[in-house]
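Take a look at the structure below.
The values are calculated or read from the model by the stated rules, or taken from the named source; none is laboratory data. Since the model is a prediction, treat every value here as computed from it, not as a measurement. Cβ placement follows ideal geometry from the backbone for every residue including glycine, while neighbour counts extend to all protein chains displayed. Only protein heavy atoms, including side chains, enter the accessible area calculation; ligands, DNA and RNA are left aside. Shrake-Rupley method; radii C 1.70, N 1.55, O 1.52, S 1.80 Å.
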2 protein chains.
Amino acid sequence: MSERPRRRRGAGRKAKHAARQKPTVEISAWADRKIPYFEVLDEEGLELIENNAETVLEEIGIEFREFPRALELWREAGADVDGERVRFPRGLCRSIIQKSAPAEFMQHARNPERNVIIGGDRTVFVPAYGSPFVRDLDQGRRYATLEDFENFVKLTYMSPGLHHSGGTVCEPVNVPVNKRHFDMVYSHIKYSDKPFMGSVTAPERAQDTVDMAKLVFGEEFIQENTVVTSLINANSPLTFDGTMLGAATVYAENNQATVISPFLLAGAMSPVTVAGTVTQILAEALAGMAYVQLVRPGAPVVFGTFAAAVSMQSGAPTFGTPEPSLILYATAALARRLGVPFRSGGGLCASKLSDAQAAYEAANTLQTAALAGVNFMLHTAGWLEGGLVMGYEKFILDADQASILGVMLRGIDLSENGQALDALREVGPGAHFLGASHTQANFERAFYRSVVADNNSFEQWEQDGSLDAAQRAHTIWKQMLNDYEAPPLDPAIDEALTDFIARRKSEFEDRDY
Amino acid sequence: MSERPRRRRGAGRKAKHAARQKPTVEISAWADRKIPYFEVLDEEGLELIENNAETVLEEIGIEFREFPRALELWREAGADVDGERVRFPRGLCRSIIQKSAPAEFMQHARNPERNVIIGGDRTVFVPAYGSPFVRDLDQGRRYATLEDFENFVKLTYMSPGLHHSGGTVCEPVNVPVNKRHFDMVYSHIKYSDKPFMGSVTAPERAQDTVDMAKLVFGEEFIQENTVVTSLINANSPLTFDGTMLGAATVYAENNQATVISPFLLAGAMSPVTVAGTVTQILAEALAGMAYVQLVRPGAPVVFGTFAAAVSMQSGAPTFGTPEPSLILYATAALARRLGVPFRSGGGLCASKLSDAQAAYEAANTLQTAALAGVNFMLHTAGWLEGGLVMGYEKFILDADQASILGVMLRGIDLSENGQALDALREVGPGAHFLGASHTQANFERAFYRSVVADNNSFEQWEQDGSLDAAQRAHTIWKQMLNDYEAPPLDPAIDEALTDFIARRKSEFEDRDY
């Protein structure tokens, strides 16, 4: 017998119409995990890394540059401050974090149904972040504009597999650098009701983000609740700069969440081994998260990491390879032991197109991130070309994968209905299950149904135009933008936001940095 | 700071020449696993499924069709035989298997360096199996020929990530159905020195396979050693047919290995739930493997499974979705508890092309199979269109993934060199690691280097012709076939094989079934 599926014609035909009316993906505010975490290191291995990270913090230390207040806080906390270099007694950072950092926190959205809890057995899928370029099949690769930004906010709003609107989903380069944060934050609020991320490119832009959030949520509410989660990258190796420290400080002072992310290309910005890189990540994250707790004990922090491997031949970043996956698995386990939420992962790839390279690389990282236990999965959808490009078609393809992961995390239904012994009794040897009453009762939500995959026969696929996955994704995002309807926004809030933006934009000159 | 990698120019330039001369993938006979298995069910969940499978075997039973000898053996073993339906006292199949089936076995290759051990903490990657069509970018989709078959044997021989030559890597449809097994087995022996699979489409073809193996390995050797592993599919649900039972019997009598594989599209050939499908798989595999042990106690058997989900809309098989992944994880755990090697997985997809759909779906199943603990990963490379098509470009892309998985399974190096504390001490905050002595000492084998991925800058990629991954894979397989050199084969063995084939082919008429 040939080892290939025999197509069953007319399967479930009588249920076809009904099924088309209902989505198989349940819309939920986040993905709940009911399967275990995948661990690549045992207790002894994790302790070794933890011990080495403490050695790095103690002997080598971390530089806190261009930000004297951080040095003061560290001196008060008992660290050894030498110029901008801070060295830490063993265990100091860990104990500061464990004393006050929450194990999980709710980030409020303007629609309470979209509130997310970040941490614990939950995964929040977030679009990609930071690309100056966009790409789609019509116009190819080009600089991103504010219209592109708005488009990705709308597409994210409409994607059931994505739970969070993200931050700089692409750089709106047609808006001056020092003013685009207003438009980005406004777009997230106006065109979506999912939670969003704030500006980190200058402390005053972080403050503008907080001030805009106050207009939406109320000044008192945000001092007690988290409504923005923002991305603070380390300047690896072993350095935080004044810009990032300034933004982190503003958010922490206002009880808003920060993701403290060592960001590195292993081999260039960290050692060329997995264990060495994980050690560095842990040291950097410990120092950064502890700093946030010194600013305001209890301010939510997420242990973040972004790790790719640098090609030793060209210096280019590579994705979807085994070493960054191993780094991710180990780091996730270290974050759990520390007791804080974890960010990593996403649909990372080096490919220029939404081709097979893009998909293999993205799938490898997405699977790893889901099984490792990422809580806040930045870069889930859209990422191309090492993050230089946000791809419209890639976004649709990745968002479909996010829905797949959401279902996988739910694990296996072991209820009596799930066990299906009666179905086996009803059908018996050699017959088929399509008409069985158990099948009829369960088919609607039985199996994940991709929005992009073509599972038809070759002949049908040819009749439909012989499209590849990117071409189908192209049709989908255009249709989504065509069908988009904005979630309602209180006109008084909208006016307050636009007034605030107009006033603030008039207070200083345009600048390209 | 934008969240995207900064390209480091001139990285490792001085080592560039040397690195090009050496592969980063170590060639080994199989992939050794040093990371844990990923388990989705706990002890209680696995026991529940095992208990339900025993209920299926006891109450419903399995049909052994058109093969009276199987019924006799079952009657002698204490099963309840009613026509062709066999019902089993609880625990009978399990105890038969655990009494005599080996936990792992060596399959010998004609080159002893290519011998594989199937079972335990090892994964053997095997190409796809059974496609009547092939596809490549030059000629599109067309019926496979013997030349295609030979090409895939040669490509597999040259792929360091693949450890086994496979079986019906595609159907050589230009050779009569009842004679093509001679040419397939001969191709595996002639054009490769990796281990291979035998014919299962009729008992006499299985015997021909064994007889050809005797000419290569010697008659006595094969009675003591396993030199062929062959694929026996169940006719799910709950049925084995005379053809498959006949072939399995021939192989078992000759001490050759069989993979007993429930082969099903969940929802059509099994219940529409994960737990119900896993229960059926376990019941079928238990009955099939126990039968083999009744024929010859100790003959190697592999617990196989192939499970896709059927689309409830069209009846088409779907791949890379969460439910088959969950089925695979659970089944692998059940095989481990039983104590036999496990086969599943591969680069499965429904796509017609080597596009993003093909790659997401393939990667999802490949990752799952590797983490679940598949020992014999059939269909690792080449699979397109639900198994109807063997793709040349897909083969190259998947084989690259097999190498990635081989590295990932090795886990994290925690040696002093792996820990890299001295590198961290040498470099310190804000500097970079490219010139560090630790980097220089380790860069050659530091990170996996894909043979297909393009990690260059956009500008460089454009200069190189703006190729997608499939186009690059096309160039690679053509170059490989151009460079192919056959492994030496003793001319006396070659002559004995060709004489045998000529004689046997002359003994009966061509037939198309």
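Among the residues of segment A:345-374, how many are more than 25 Å from B:PHE458 (Cα to Cα), small (Gly, Ala, Ser) and part of a loop (DSSP other than H, G, I, E, B)?
Here the count works out to 1.
Against the conditions (1) open to solvent by less than 10 Å² (accessible area, probe 1.4 Å); (2) more than 9 Å from chain A (Cβ to nearest Cβ), where does B:GLU220 fall short? Just the number, please.
If we test B:GLU220 against (1) open to solvent by less than 10 Å² (accessible area, probe 1.4 Å); (2) more than 9 Å from chain A (Cβ to nearest Cβ), just (1) comes out false.
For A:HIS181, work out the one condition from (1) out of contact with any Phe, Trp or Tyr (no Cβ under 9 Å at 6 or more places or on another chain); (2) open to solvent by 10 Å² or more (accessible area, probe 1.4 Å); (3) at pLDDT 95 or above it doesn't fulfil.
(2)
One line per residue, one yes/no per condition, for (1) within 29 Å of the chain's Cα centre (by Cα); (2) more than 8 Å from chain B (Cβ to nearest Cβ); (3) open to solvent by 10 Å² or more (accessible area, probe 1.4 Å):
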| site | (1), (2), (3) |
| --- | --- |
| A:THR380 | yes, yes, no |
| A:ASN417 | no, no, yes |
| A:GLU426 | no, yes, yes |
| A:SER437 | no, yes, yes |
| A:ARG449 | yes, no, yes |
| A:ASP468 | yes, no, yes |
| A:GLN471 | yes, yes, yes |
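Do you know which residues across segment B:342-360 are more than 7 Å from chain A (Cβ to nearest Cβ), out of contact with any Asp or Glu (no Cβ under 6 Å at 6 or more places or on another chain) and of a type outside the set (Gly, Ala, Ser)?
Correct list: B:PHE342, B:ARG343, B:LEU348.
So which residues in segment B:383-407 are aromatic (Phe, Trp, Tyr) and assigned to a helix (DSSP H, G or I)?
Those that are aromatic (Phe, Trp, Tyr) and assigned to a helix (DSSP H, G or I): B:TYR392, B:PHE395.
For the structure I just gave you, tell me whether B:VAL274 is at pLDDT 95 or above, open to solvent by 10 Å² or more (accessible area, probe 1.4 Å), touching a Leu at 6+ places or on another chain (Cβ under 6 Å) and over 21 Å from B:ARG87 (Cα atoms).
yes
From the list A:THR331, A:THR258, exactly one residue is more than 10 Å from chain B (Cβ to nearest Cβ) and either part of a helix (DSSP H, G or I) or open to solvent by 10 Å² or more (accessible area, probe 1.4 Å) (or both). Which is it?
A:THR331
Take the conditions open to solvent by less than 10 Å² (accessible area, probe 1.4 Å) and touching a helix residue (DSSP H, G or I) at 6+ places or on another chain (Cβ under 6 Å) and apply them to B:ALA359. Does it pass?
Answer is yes for this residue.
Report yes if some residue within segment A:84-106 is within 13 Å of another protein chain (Cβ to nearest Cβ), basic (Lys, Arg) and in contact with a Gly (Cβ under 9 Å, 6 or more places away or on another chain); otherwise report no.
yes
Pick out the one residue from A:GLU76, A:GLU47, A:GLU54, A:GLU63 that is at the interface with another protein chain (Cβ under 7 Å from one of its Cβ atoms), more than 30 Å from A:ASN455 (Cα to Cα) and either at pLDDT 65 or above or open to solvent by 70 Å² or more (accessible area, probe 1.4 Å) (or both).
Testing whether each residue is at the interface with another protein chain (Cβ under 7 Å from one of its Cβ atoms), more than 30 Å from A:ASN455 (Cα to Cα) and either at pLDDT 65 or above or open to solvent by 70 Å² or more (accessible area, probe 1.4 Å) (or both) leaves just A:GLU63.
When segment B:184-211 is examined, which residues are found to be open to solvent by 30 Å² or more (accessible area, probe 1.4 Å) and touching a Leu at 6+ places or on another chain (Cβ under 8 Å)?
Of everything in segment B:184-211, those that are open to solvent by 30 Å² or more (accessible area, probe 1.4 Å) and touching a Leu at 6+ places or on another chain (Cβ under 8 Å) turn out to be B:TYR186, B:LYS190.
Would you confirm, using the coordinates I've provided, whether B:ALA248 is of a type in the set (Gly, Ala, Ser), touching a residue at least 24 places away in the same chain (Cβ under 8 Å), touching a strand residue (DSSP E or B) at 6+ places or on another chain (Cβ under 6 Å) and over 14 Å from B:PRO300 (Cβ atoms)?
no
Let me confirm something: among A:THR321, A:THR243, A:THR249, which residue is modelled with pLDDT of 95 or more, under 30 Å from A:GLY218 (Cα atoms), out of contact with any Gly (no Cβ under 9 Å at 6 or more places or on another chain) and within 8 Å of chain B (Cβ to nearest Cβ)?
Answer to the selection: A:THR243.
Residue check, B:PHE433 against (1) of a type outside the set (A, V, I, L, M); (2) facing chain A (nearest Cβ under 7 Å); (3) open to solvent by 20 Å² or more (accessible area, probe 1.4 Å), all met but one. Which one?
(3)
Return the residues of segment A:288-311 that are in a loop (DSSP other than H, G, I, E, B) and either within 12 Å of another protein chain (Cβ to nearest Cβ) or on the phi < 0 side of the Ramachandran plot (or both); say none if nothing qualifies.
Within segment A:288-311, A:ARG296, A:PRO297, A:ALA299, A:PRO300, A:THR305, A:SER311 meet the criteria.
Filter segment B:243-255 for residues that are open to solvent by 10 Å² or more (accessible area, probe 1.4 Å) and not in a loop (DSSP other than H, G, I, E, B) and give the result.
B:THR243, B:VAL250, B:GLU253
Consider B:PHE500 carefully, then state whether it is within 14 Å of chain A (Cβ to nearest Cβ), open to solvent by less than 50 Å² (accessible area, probe 1.4 Å) and modelled with pLDDT of 95 or more.
no
Do we find that B:ARG445 is more than 30 Å from A:ASP241 (Cβ to Cβ), more than 9 Å from chain A (Cβ to nearest Cβ) and modelled with pLDDT under 95 in this structure?
yes
May I ask you to say which residue of A:LEU388, A:LEU384 is open to solvent by 30 Å² or more (accessible area, probe 1.4 Å), in contact with a strand residue (DSSP E or B) (Cβ under 7 Å, 6 or more places away or on another chain) and within 30 Å of A:VAL310 (Cα to Cα)?
Sole residue among the options that is open to solvent by 30 Å² or more (accessible area, probe 1.4 Å), in contact with a strand residue (DSSP E or B) (Cβ under 7 Å, 6 or more places away or on another chain) and within 30 Å of A:VAL310 (Cα to Cα): A:LEU388.
Does A:THR279 satisfy being among the β-branched types (Val, Ile, Thr) and open to solvent by less than 10 Å² (accessible area, probe 1.4 Å)?
Spelling it out, A:THR279 is indeed among the β-branched types (Val, Ile, Thr) and open to solvent by less than 10 Å² (accessible area, probe 1.4 Å).
Just one of the numbered conditions (1) over 30 Å from B:GLY120 (Cα atoms); (2) open to solvent by 30 Å² or more (accessible area, probe 1.4 Å); (3) not acidic (Asp, Glu) is not true of B:LYS99; which one?
Going through the list (1) over 30 Å from B:GLY120 (Cα atoms); (2) open to solvent by 30 Å² or more (accessible area, probe 1.4 Å); (3) not acidic (Asp, Glu), B:LYS99 breaks only (1).
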